[in-house]
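J.: There's a structure below that I have some questions on.
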Amino acid sequence: MQVSQVLAVKGREVATIPKGRSLNDAITMLKERRIGAVVVTGAEPPLVGIFSERDVVRALALHGADALAMPVADFMSPEVTTCSEATTMDALMALMTEQRIRHVPVVENNVLVGMVSIGDVVKARLGELEDEKRNLLDYVSAR
């Protein structure tokens with residue numbers, strides 16, 4: 001299975017926030033959309049960073065409530081691991097495990113086309129396992 005198949009099921013909408021917006025705006029977006037990360041945009045396409053729940057914790061630990069008024073760019077992760085639609089789920093699982101990340105933006109031809117979370121990966125893998133189980137049961141039953 002490839003990332004493109006996951007995006008075909010879950011959709012391609014990606015939550016983004018301009019790098020100059022406040023940490024409070026980013027946290028509000030996470031809460032309202034019930035998501036764990038947003039892509040941070042700026043002058044350089046397709047993105048300049050990613051901001052996740054982990055970044056919220058770090059920001060508040062460093063600056064307390066004062067962080068809420070500061071730009072999200074001050075707390076985002078500027079080095080973003082991305083994948084393409086052709087990336088296999090096995091490769092993506094390995095990448096997420098190795099990098100210890102839970103959200104990976106999908107980029108094609110320098111355009112942001114989706115986002116895959118660890119939850120999406122788990123759901124896809126469970127679907128594959130169910131298909132394998134069904135095929136094995138069909139095979140065994142046919143004998």
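J.: So which residues in region 54-94 are acidic (Asp, Glu) and at pLDDT below 95, if there are any at all?
T.: Just the residues of region 54-94 that are acidic (Asp, Glu), to begin with: 55, 66, 74, 79, 85, 90.
Within region 54-94, Glu79, Asp90 meet the criteria.
J.: Of everything in region 113-143, what is within 19 Å of Thr87 (Cα to Cα), part of a helix (DSSP H, G or I) and of a type in the set (Val, Ile, Thr)? Give them in sequence order.
T.: Ile118, Val121, Val122
J.: Counting only residues that are among the small types (Gly, Ala, Ser), more than 11 Å from Ala73 (Cα to Cα) and touching a strand residue (DSSP E or B) at 6+ places or on another chain (Cβ under 8 Å), how many does region 12-53 have?
T.: Residues of region 12-53 among the small types (Gly, Ala, Ser): 15, 20, 22, 26, 36-37, 42-43, 49, 52.
Then keep just the ones that are more than 11 Å from Ala73 (Cα to Cα); that gives 15, 36-37, 43, 52.
From what's left, touching a strand residue (DSSP E or B) at 6+ places or on another chain (Cβ under 8 Å): 15, 36-37, 52.
Residues flagged as among the small types (Gly, Ala, Ser), more than 11 Å from Ala73 (Cα to Cα) and touching a strand residue (DSSP E or B) at 6+ places or on another chain (Cβ under 8 Å) within region 12-53 amount to 4.
J.: If I ask for residues that are of a type outside the set (D, E, K, R), part of a strand (DSSP E or B) and either without any contact (Cβ under 8 Å) to a residue 40 or more places away in the chain or farther than 17 Å from Val48 by Cβ (or both), which ones from region 98-112 would you list?
T.: Start the filter on region 98-112 by keeping residues that are of a type outside the set (D, E, K, R), which leaves 99, 101, 103-107, 109-112.
Then keep just the ones that are part of a strand (DSSP E or B); that gives 103-107, 111-112.
Once the filter is applied, which keeps residues that are of a type outside the set (D, E, K, R), part of a strand (DSSP E or B) and either without any contact (Cβ under 8 Å) to a residue 40 or more places away in the chain or farther than 17 Å from Val48 by Cβ (or both), region 98-112 yields only Val104.
The values are calculated or read from the model by the stated rules, or taken from the named source; none is laboratory data. Just so you know, these numbers come straight off a predicted model, no measurement behind them. Heads up, the Cβs are rebuilt from the backbone with ideal geometry, glycines too, and the neighbour counts pull from every protein chain shown.
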